[in-house]
Amino acid sequence: MKKIPTLPRWSLPLLSILFWVGAWWLLAVLFGKPLLLPTPWSVITTLFSLMRTASFWQTVGLSLMRIVVGILLALIGGTLLALLTVKSSFAHHLFSPVLTLCKATPVASIIFLVLLWIGRDRVPLFIAFIMALPIVWSNVREGLLQTDKQLLEMAALFGLSAKDKLLAIRIPSLFPYFLAACRSAIALAWKAGIAAEVLCAPKLSIGRGIYESKQYLMTDELFAWTLVVILISAAIEWGALKLLTKVQSQKKWEVEPRDRVA
Amino acid sequence: MIELRDITRRFGERTVIENLNFTFPDKGAFALMGPSGCGKTTLLRLLAKLDRPEIGSVIHSHRKISMAFQEPRLLPWLNCEDNLKLVLSKDNSSSENTQKWLRLFELSDTAKQYPSTLSGCMKQRLSLARALAFGGDLLLLDEPFSALDQALKMRIAPHIREACRHALTVFVTHDPSDADLLGATVLHCQGSPLNTLSET
């Protein structure tokens, strides 16, 4: 029987993207209304013409800065809150409703409310922070609670210093949970931050670009800005996870919790 | 010296140790023997100060306690050498010293290996090496030979016996020959719940 040739593994995602771009192209041609659905080619050319302007890079840089700062603050704040709520059950009971509130409240409600309090320029940063905070908090808290008690007992018996316990047991145990938190928080915070920019339209922001292109029915520009958002999101997530997983594998911290006790 | 004064330890409804009195001297080796679930490990944990009795007291004159647990409790992200170094003081954590302990427990070839790549026997030897390298004046061993074959046991035992000369050593075993091997006094755990340690 003749063997069917198989495609190399790396080509599959590329083929998948080509298929969907092809489908989009076909649909745009059949539809024939570029104002409603531009072709991929017109989106790409619009994107390249945007990229040739200085304001594009300023816009991207500022949006990126606002949201990345929000995510970093959430990583710090969420970790501190997790430490506090693990140490003190009073703090846990005090802050738990805030966690539930953050998770359940529609992001649009928070955006409009915060817009009244802190002004449009700071809203995206705050929204990225408030969206990522509960994810980091709950993941890190879970990681702290799941730290192997037997290893901690061993450390106590052998009189390990607080620094050694932190470096040799706490951080390696926590790392997989922290990584999972980053994975979820970055994508969500980025999307919510851009949504905040769309609704608040601060100067020099991707969201404002999306908002204005929608206002003036420049659909190809709307698609181009959306493409920018998708590409940056993928780049941040890829970069951050690459960095963290490199640290994890170098330090041999990738062991699953169930395998922890040898 | 360790003095157990009328100690009682319960886990929920179940009483494991009840009104137990015993005095261990400063030095010497003692083998705790008795049926499974009679409270040997609980007693060892009380001696290690990892647990407290509900009633009674454990009076200790020992300052530095070392223990090899029933499970090896090794850090999976540290190699054998680093698992050993972790518990050693700065003065004792030299490469020569860790190599010496690894050699004594026939683990020299695995110094850079991680626990996930070791057999159960190797993990137990590393756990024993860690306890002995740490030193201390009270050495507690929970079933130290359970994963070792007879030949290895015979080769490892002298190192433990040497440690017994400098510290009070209490270990749990099911095999009377282990007590002979380490020159230990056998303490039979009697009663249910455990209330007497009788010497033979």
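The values are calculated or read from the model by the stated rules, or taken from the named source; none is laboratory data. The structure displayed is predicted, hence computed values, not measured ones. As a convention, Cβ positions derive from the backbone with ideal geometry for all residues, glycine included, and neighbour counts pool all protein chains shown. Calculation scope for accessible area: heavy atoms of the full protein, side chains included, ligands and nucleic acids excluded. Shrake-Rupley method; radii C 1.70, N 1.55, O 1.52, S 1.80 Å.
The table that follows gives values for the structure above.
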{"quantity": "More than 32 Å apart - percent of Cα-Cα pairs taken over chain B", "calculated": "16"}
{"quantity": "Extent along principal axes [Cα atoms of the protein assembly as shown; Å; largest to smallest]", "calculated": "98, 65, 47"}
{"quantity": "Cβ crowding within 10 Å averaged over residues, with B:27-33, A:85-91 ranked highest first", "calculated": "B:27-33, A:85-91"}
{"quantity": "Helix-only mean residue ellipticity at 222 nm for the protein assembly as shown, each DSSP H run of n ≥ 4 adding -39500 (n - 2.57), per residue, nearest 500", "calculated": "-19000 deg cm²/dmol"}
{"quantity": "Net charge contributed by nearby residues that have their C-beta within less than 10 Å of B:Ala129 (K/R +1, D/E -1)", "calculated": "+3"}
{"quantity": "Accessible area of region B:125-191 belonging to carbon and sulfur atoms, whole % at 1.4 Å probe", "calculated": "50"}
{"quantity": "Crossing angle, helix A:11-31 versus chain A [Cα axis fit, 0-90 degrees, rounded to tens]", "calculated": "40"}
{"quantity": "Pair A:Ser249, A:Thr100: separation of 7 Å Cα→Cβ label points (nm)", "calculated": "4.2"}
{"quantity": "Cβ-Cβ FRET estimate between A:Ala108 and B:Ser177, R0 fixed at 56 Å, reported to 0.05", "calculated": "0.15"}
{"quantity": "Percent of C-alpha pairs per 5 Å bin, region B:65-180, short to long", "calculated": "2, 12, 24, 26, 22, 10, 3, 0"}
{"quantity": "Value of D in µm² per second that Stokes-Einstein yields for region A:21-64, Kirkwood Rh from Cα pairs, at 4 °C (1.567 mPa s)", "calculated": "110"}
{"quantity": "Pairwise FRET efficiency - B:Glu199 versus B:Ser61, Cβ, R0 = 25 Å, nearest 0.05", "calculated": "0.75"}
{"quantity": "Set of region B:120-139 residues, backbone N closer than 13 Å to the point 7 Å along the Cα-Cβ line of B:Lys100", "calculated": "B:133-135"}
{"quantity": "Rh by Kirkwood over Cα pairs, then Stokes-Einstein D for region A:147-262 at 0.890 mPa s and 25 °C, µm²/s", "calculated": "142"}
{"quantity": "Shape metrics for region A:84-165, restricted to C-alpha atoms - Rg then Dmax, Å", "calculated": "18.1, 55"}
{"quantity": "Distance from region A:150-196 to region A:19-47 (C-alpha centre basis), Å", "calculated": "44"}
{"quantity": "Per-selection metrics, region A:41-248 (Cα): Rg and Dmax in Å", "calculated": "20.2, 70"}
{"quantity": "Kirkwood Rh and Cα Rg combined as Rg/Rh, region B:113-172", "calculated": "0.97"}
{"quantity": "Anisotropy class of region A:109-204 from Cα gyration tensor, a/c 1.5 cut", "calculated": "prolate"}
{"quantity": "Point-to-point label distance, A:Lys87-A:Lys203, nm (Cα→Cβ direction, 7 Å offset)", "calculated": "4.3"}
{"quantity": "Fraction of beta bridges assigned by DSSP in chain B that are antiparallel (%, nearest 5)", "calculated": "45"}
